[in-house]
Amino acid sequence: VQLQASGGGLVQAGGSLELSCAASGFTFSGYSMGWFRQAPGKDRAYVASISASGANAYNARSVEGRFTISRDNAKNTVYLEMNSLKPEDTAVYFCAATTVRGGKAIRVPSYEYWGHGTQVTVSS
């Protein structure tokens, strides 16, 4: 099983980035997917999640209206479009996979597979 996140980088406040997470080694279309982030000295926190089919998507309140999660099951890839970025969005971003149905899983222990993360840094 492999989850390879990419697309992170350094961006100014107000800018945009799109993260990608390419999955392999499991039946991607059978798993709900999530994005989490971890800032230095803080716990890993939920950002967004999406159901296996892509029909249902959810965001943390802190990113509502700015971030959008999506997936392409034909490409075994999940995306996180991030707009209007703020310095407090600075963190390592992780993608994860869960068999919990519906795309509503927000807890770290609910996810079975994790990627290594990609750094997002937002300068003020």
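The values are calculated or read from the model by the stated rules, or taken from the named source; none is laboratory data. All of these numbers come straight from a predicted model, not from anything done at the bench. Methodologically, a virtual Cβ is constructed for each residue, glycine included, from the backbone with ideal geometry; neighbour enumeration extends over all protein chains shown. These accessible areas exclude ligands, DNA and RNA; they are computed on the full protein's heavy atoms, side chains included. Shrake-Rupley method; radii C 1.70, N 1.55, O 1.52, S 1.80 Å.
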So, counting K/R as plus one and D/E as minus one, what does the shell of residues with Cβ under 12 Å around Thr118 add up to? 0
If amide H atoms are built 1.01 Å from N in the plane of the peptide, which residues on other chains or at least 5 residues away come under 5 Å of the amide H of Tyr113? Ala97
Given labels modelled 7 Å from the Cα in the Cβ direction, how far is it in nm from Thr99 to Ser124? 4.6 nm
Multiplying the sequence separation of Asn83 and Ser53 by 0.36 nm and subtracting their Cα-Cα distance, what value in nm do you get? 8.4 nm
How much length is gained on full extension from Asp43 to Thr27, taking 0.36 nm per residue of separation minus their Cα-Cα distance? 2.9 nm
Accessible area in the full protein assembly, largest first, 1.4 Å probe, for Ile106, Ile69: Ile106, Ile69
Summed residue charge, Cβ within 15 Å of Gln38's Cβ, Lys/Arg positive, Asp/Glu negative: +1
Net charge within 10 Å of Ser51 by Cβ-Cβ distance, Lys/Arg positive one each and Asp/Glu negative one each, not counting Ser51 itself? +3
Please calculate how many Å² of accessible area the chain carries per residue, with a 1.4 Å probe and no DNA, RNA or ligand atoms counted. 51 Å²
Starting from the Cα of Val1, step 7 Å toward the Cβ, then list every residue of segment 14-51 with an amide N under 18 Å from that point. 21-37, 49-51
